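The values are calculated or read from the model by the stated rules, or taken from the named source; none is laboratory data. This structure is a prediction, so every number in the text was calculated from the model and none was measured. Cβ coordinates were reconstructed from backbone atoms using ideal geometry, including for glycine residues, and neighbour counts include every protein chain displayed. Areas reflect the complete protein model, heavy atoms only, side chains present, ligands, DNA and RNA absent. Shrake-Rupley method; radii C 1.70, N 1.55, O 1.52, S 1.80 Å.
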Amino acid sequence: MKQFWIFSLWLSLASCLMGCQEDETAQTAQRWGYLSLPDVSVQVENLNLLPTRTASDEDPLTVEIRQGEEVVKSYASDALPEKIELEPGLYTLCVYNDSHGKPWVAPGTPDYFYTPEDAFEIKEGETNMLETIRVPMVNFGVRLQLPDEFNTWFPNYTFTVQVGEQSVTLKDQETAYFDYTDGVGITYTLQTENTDGDQNNLKGSYGEEEGKAVKKGTVYVVTYNLVTRSFVIE
């Protein structure tokens, strides 16, 4: 009888301990909330959107989740989990590429950076699904686009783009990226030599003086018209 009583007491204690452990496990599991980022894309005003999950390996995007100045979690743009486990609280999201914040180096690279003004909240046991995140380009680019017949008429040419103190020489279909500042302007020069050896300089500009302010997040395409022998920039 005594042995039965001891055995019953042991079962009760074991059951109580297991129940406490289960409650503690359940409470621990409920402490977490989740973040889902279904669509994160870079954004260029006059070009198609490019999904970050297929961004170039040479200049990938980094997705950071922050609390204040502390980076809580960080992921490569092509390795985002479907759900990110976080403790309940307020967070901010920061997305940028490897070129962000680095000194300008010719011919430069796109600079993508995103950080929202408002924080998002993670609640216990709930999933916060953020809407589409568009990561804007905060610098701007200039691309040269020549007609197919151009090299036939002008076998030798030099195209130079000047933005502030920065000067870059471009070939056909090349793009240079420049830091954006208020009131910035673009000037460009095309030096040509035709098959007869005749040389010519053609200059153009784009900016507030021409009534068209340069905007960040835009790639300006400079094309040459063989008929009018003039530039078009858009």
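Tabulated data
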{"quantity": "Protein accessible area in the range 127-234, 1.4 Å probe - carbon and sulfur %", "calculated": "42"}
{"quantity": "Lys, Arg +1 and Asp, Glu -1 on Cβ, resulting dipole of the range 87-216 about Cα centre, debye, nearest 20", "calculated": "180"}
{"quantity": "Accessible area per residue, Å², the range 78-234 with all protein chains present, probe 1.4 Å", "calculated": "58"}
{"quantity": "Above-threshold pairs, the threshold being 29 Å between Cα atoms, out of K171/K212; K73/K215; K102/K215", "calculated": "K73/K215"}
{"quantity": "Net +/- balance of residues flanking L226 in space, Cβ distance below 13 Å, scoring K and R +1, D and E -1", "calculated": "-1"}
